[in-house]
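Here's the structure we're looking at; comments come further down.
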Amino acid sequence: MAFTAKDVVTLREKTGVGMMDCKKALQQADGDMDKAVEILREKGLASQAKKASRVAAEGTIGVYGTAEASALVELNCETDFVGNNPEFKALANRIAKTAVLARPADVEALKAAKIADGDVTVDEAIQELFLKIRENLKLRRFAVVEGTAVSYIHAGGSVGVLVSFDTDAADKPEFTEMGKNVAMQVAAMSPEYLSSDEISADELAKMKNITIESALNKPDTLPKPILMKVINKAIAAGKLGEKDLAAYEAEKNNKFLFNFLSEEAIAAFAETAVADKDEYTADPIFGKAIEGRINKQLKEICLLDQAFVRSDVFDGSVGGYIANVAKALGADIKVKGFVRFAKGEGIEKKEDNFAAEIASMVK
């Protein structure tokens, strides 16, 4: 079956594949348009399989939401150029819509689902885009949140956040604005928990132990009464050299004392502190200092306890900001949870050594 240049253009418009590839596919298919599409697809799948081992740490976070449910999706690619491609971003959002409509159990189920507003599966839609882009594309993860949620996408898809609420004010613009501000907080400050109530006793015990070890290994951060005990023990044990002893006597009342001591002296203090760990942990002064440090950490990792970053809107904690908005609206607003995706987080990126590459080429 003969084909014309117009047929080549039509195939290109249909698939997005280059003109020469379209021409070759039509030649192989004897001008049959449907068969040419299948040929291109098969070639694309083979090429996609070859590129599957390439690191795909770029990409975008897609989002879709309704009053009933919302979803975030991470779709990865190899380069930020493709990650900023409008068609790539649109596909990520369509996959997020599919997640809301299909409620898949896992990524494989989502890939097998029929894509929203289309006639192919999510996996096939990804393959079709690969034919145009020719980069390793991977659907990495997704999350579906039931009920009322407010989303925020930062920097064109580098970070995506969903914050879910239990409220009777979902239709009020003041609520939506508040929800967006809280979602921005999650994007900026990356909390680990909603509140300290979510942290188990084992996790708190681990946090306390790490905090104690850190304090003992950094003697300059110890409460002064504890530090003096450590220093006196180290001196009595002969752990300081003559220069450090002289520096200590000259500067012991200086708050910058540690600037005048050697690294060996500071290491000796840390060694002494760690060796007498049981004694110091039993000291109420040390215990109070550790408690203060843990409370400070909790305010950093728990969303509701974090200082609200938009101090121009509210000066206080995130929990205080939400309560303030709820009071102004005469409504009930409770944060149920949040999801935060950052593209490529946890994926080891390939570091290109261009100097070595050029050197190898000229050998």
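A short reminder: the numbers here are calculations on the coordinates, not readings from a lab. Quick caveat, the model's predicted, so the values are computed rather than measured. We place every Cβ from the backbone using ideal geometry, glycine too, and count neighbours over all the protein chains shown.
Net charge around Ala169, counting only other residues with Cβ within less than 12 Å of its Cβ (Lys, Arg = +1; Asp, Glu = -1)? Once positives and negatives cancel, what remains is -3. Evaluating 6.51 cos²θ - 1.76 cosθ + 1.60 at θ = phi - 60° for every residue in the range 2-13, the Karplus couplings come out as 6, 9, 10, 4, 5, 5, 4, 4, 4, 5, 5, 5 Hz, glycine and proline recorded as x. Checked against a 19 Å cut-off, the cross-linked pairs Lys14/Lys132; Lys24/Lys132; Lys14/Lys343; Lys229/Lys252; Lys208/Lys336; Lys6/Lys35 give Cα-Cα distances beyond that limit for Lys14/Lys343; Lys208/Lys336. Each Lys or Arg adds one and each Asp or Glu subtracts one; over the other residues with Cβ under 13 Å from the Cβ of Ile153, this totals +3. When each of Cys22, Cys302 is scored by the number of other beta-carbon atoms lying within 10 Å, the sequence from fewest to most is Cys302, Cys22. The phi-based Karplus calculation (6.51 cos²θ - 1.76 cosθ + 1.60; θ = phi - 60°) puts the 3J(HN,Hα) values of the range 28-37 at 5, 8, 6, x, 6, 4, 5, 5, 5, 4 Hz, whole numbers, x for Gly and Pro. Toward the positive end of the charge dipole of the chain, with +1 on the Cβ of Lys and Arg and -1 on the Cβ of Asp and Glu, the farthest Cα among Leu304, Ile226, Ile133 is that of Ile133. Taking amide H as placed 1.01 Å from N in the peptide plane, the amide H of Thr121 sits under 5 Å from that of Ile115, each at least 5 places away or on another chain. In this label model, Ile301 and Ala188 are separated by 2.2 nm, measuring between points 7 Å along each Cα→Cβ vector.
Sequence-ordered 3J(HN,Hα) estimates for the range 63-79 from the Karplus curve with 6.51, -1.76 and 1.60 and θ = phi - 60° stand at 9, 8, x, 10, 5, 8, 6, 9, 9, 10, 9, 10, 10, 9, 9, 8, 10 Hz, glycine and proline given as x. Projected label points at Asn259 and Ala342, each 7 Å from Cα along the beta carbon direction, are separated by 3.3 nanometres. Computed from label points 7 Å out along Cα-Cβ, the spacing between Met19 and Asp197 is 6.5 nm.
Is there a quick way to get the dipole size of the range 130-238? I mean about its Cα centre, with the Cβ of Lys and Arg at +1 and of Asp and Glu at -1; what is the value in debye to the nearest 20?
Details: 13 positive and 14 negative charges, 171 e Å.
Approximately 820 debye in magnitude.
Near Val313, no amide H atom lies under 5 Å from its own; only residues 5 or more places off or on other chains count, and H is placed 1.01 Å from N.
The charge dipole of the range 244-302, taken about its Cα centre with unit charges on the Cβ atoms of Lys, Arg (+1), Asp and Glu (-1) only, comes to about 480 debye. Backbone amide hydrogens, once placed in the peptide plane, bring Ala69 within less than 5 Å of Gly147, excluding anything fewer than 5 places away on its chain. The calculated Kirkwood hydrodynamic radius for the range 110-264 is 22.2 Å, given to one decimal from all distinct C-alpha pairs.
A straight chain from Lys224 to Val309 at 0.36 nm per residue would run longer than the Cα-Cα distance by 27.3 nm. Each Lys and Arg contributes +1 and each Asp and Glu -1, all at the Cβ; summed about the Cα centre of the chain, the dipole is approximately 600 debye.
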